[in-house]
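Derivation of every value follows stated rules applied to the coordinates shown; laboratory data play no part. Everything quoted here is computed from the prediction, not taken from an experiment. A quick note on method: Cβ atoms are made from the backbone with ideal geometry, for glycine too, and the neighbour counts reach across all protein chains shown.
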Amino acid sequence: MEAEYRRRYLDDVLADMLPEVSGVLLTGPRSCGKTTTAIRHAGAVLRLDVPGTAAAVAADPDLALASESTRPLLIDEWQEVPEVLGAVKRGVDQNPAAGQFILTGSVRSQSSSRMWPGTGRLIRIPMAPLAQREIAGFEGSVSDLFLHRLFGRGEPDLSTSALTLTDYVHLTVQGGFPEVLRLASARARRAWLDSYVEQLLVRDISELGEGVDPIRLRQYVDVLAVNTAGVLAQSALAQSASITVKTSERYDQLLAEVGIIDNPQPWGRNRLARIEKRPKRIIVDSGLAVAAARLDEGTILHDGTLLGRFLEGFVFSQLRAEVLAAEDRMALHHVRGLNGRHEIDFVIEGSGGRVVGIEVKASTTVVERDARHLAWLRDSIGQDFVGGLVLHAGPNAYPLDDRLWAMPISSLWDE
């Protein structure tokens with residue numbers, strides 16, 4: 001029996017884009033749900049992970065596409081026959097009508113090809129693992145999501161939450177991969193995530209043809225996992241993993257290509273002097289980060305440093321999913337002053353340069369002092385500051401100061 005489909009933010013994006021453009025390319029980590037969602041918008045499917053289909057397409061890509069007249073045509077796992085991209089290009093050049101192709105699969109061949117035939121023909125749409133609102137049952141439209149409402153109204157809805165810190169850690173360890181959510185036991189979920197990590201390092205990245213040493217790569221991923229959401233110098237990461245800086249930079253690129261890490265860049269303006277220029281490094285799914293670090297719920301709950309890092313990574317995954325699907329342009333950053341004088345976990349910049357700041361606290365209560373860095377940002381940029389939130393593990397939401405609020409983490413997905 002087919003598992004019940006969970007509606008995705010991306011469903012709205014595809015519904016808007018396909019009537020306008022000739023083709024879209026869905027990217028994101030393996031098993032985040034790209035194919036399952038794309039099928040719902042396709043008229044026909046060409047699965048290149050089926051050997052016979054792949055052989056036929058490789059023999060004559062143009063004939064294979066022309067033989068299937070139903071549109072949109074989903075070309076799944078396109079990287080198995082990269083030559084199909086040239087056929088897509090030629091097909092779009094000959095007939096630029098909207099809604100012709102949906103491509104899903106890896107983005108890695110894009111970065112390794114000397115010429116990317118999709119430029120100007122395919123709109124790239126990144127996809128994230130499931131956010132909590134999608135898991136709970138996403139209704140309405142992306143304009144109803146938390147960040148859209150906050151930018152639109154200038155203030156959040158204040159509501160209480162029944163979730164505890166233990167609940168948030170459970171959700172963090174679970175993550176958002178659809179296959180994990182179908183598993184009933186913690187043991188099965190842990191086994192799936194452990195297998196994912198190993199397959200990623202041994203199989204997926206080796207398919208890039210880079211000759212990567214999987215043992216050294218595993219050492220580096222171990223370091224990234226326990227430092228997820230951290231702002232560390234490249235040299236410090238490399239030293240901790242016992243590899244060279246050059247090797248660590250190469251690993252960063254490969255992990256980004258397979259969609260596993262994101263690197264929110266520092267945000268700043270001329271009015272903000274002495275801002276740290278290093279990016280954050282965050283494993284895009286909190287459950288995957290926990291698995292890569294070989295940790296469990298109990299260990300995280302009893303280690304304040306780990307608790308803060310993984311909880312911040314969990315919040316990042318909720319925000320990132322919204323930013324990727326946003327109707328208006330949004331960008332997700334962080335702020336860290338030199339010597340740590342000012343530090344804000346996330347800064348979301350919307351259209352017109354308007355800004356929302358977000359801090360994440362593992363505590364169950366928040367006082368005005370906990371928002372001091374957000375107040376600094378508010379006072380530094382003035383009217384461009386929409387609001388600042390201190391997201392916490394307690395039950396209550398309340399104002400802290402002008403345009404500053406304390407709110408439960410679950411406010412990100414609760415109506």
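Looking at the chain as a GNM with Cα springs under 10 Å, which of Ala184, Ala293, Ala58 has the largest mean-square fluctuation?
Highest fluctuation of the listed residues: Ala184.
Can you tell me the dipole magnitude for the chain around its Cα centre, using point charges on the Cβ only (Lys, Arg +1; Asp, Glu -1), in Debye to the nearest 20?
1000
Any idea which of Ala375, Gly154, Ile243 is furthest toward the positive side of the dipole for the chain, if Lys and Arg beta-carbons carry +1 and Asp and Glu beta-carbons -1?
Ranked along the dipole, the leading option is Ile243.
Computed from the coordinates I sent, Rg and Dmax of the Cα atoms in Å equals one of (1) 21.3, 80; (2) 21.9, 66; (3) 20.3, 62. Tell me the label.
So the calculated entry is the one marked (2).
Give me the angle, in degrees from 0 to 90, between the Cα long axis of helix 304-325 and the longest principal axis of the Cα atoms of the chain, rounded to the nearest 10.
Roughly 50 degrees between the two axes.
Give me the dipole magnitude in Debye, nearest 20, for the stretch 9-126 about the Cα centre, with unit charges on the beta carbon: positive for Lys and Arg, negative for Asp and Glu.
Its charge dipole is roughly 260 debye.
In whole Å, how far is the Cα centre of the stretch 206-230 from that of the stretch 232-267?
9
What nm value, rounded to one decimal, do you get for the distance between Glu368 and Glu83 when each label is placed 7 Å out toward the C-beta?
Using points 7 Å along Cα→Cβ, the separation is 7.1 nm.
P(r) of the stretch 269-415 in 10 Å steps, Cα pairs, percent per bin?
11, 39, 39, 11, 1
With each run of n ≥ 4 DSSP H residues scored as -39500 (n - 2.57), what mean residue ellipticity at 222 nm is computed for the chain after dividing by its residue count and rounding to the nearest 500 deg cm²/dmol?
Value at 222 nm, helices only: -11500 deg cm²/dmol.
Dipole of the chain (Lys/Arg Cβ +1, Asp/Glu Cβ -1, origin at the Cα centre): which of Ala136, Met407, Gly352 lies farthest to the positive side?
Gly352
From the cross-link list Lys34/Lys277; Lys277/Lys361; Lys89/Lys280; Lys246/Lys361, which pairs have alpha carbons spaced over 25 Å apart?
Violating the 25 Å Cα-Cα cut-off are Lys34/Lys277; Lys89/Lys280; Lys246/Lys361.
For the stretch 108-240, with only Lys/Arg (+1) and Asp/Glu (-1) charged at the beta-carbon, what is the dipole magnitude about the Cα centre, in debye rounded to 20?
Value, rounded to 20: 300 debye.
Could you tell me what a quarter of the Cα convex hull surface of the stretch 9-126 works out to, in nm² with one decimal place?
Mean projected area of the Cα convex hull: 6.6 nm².
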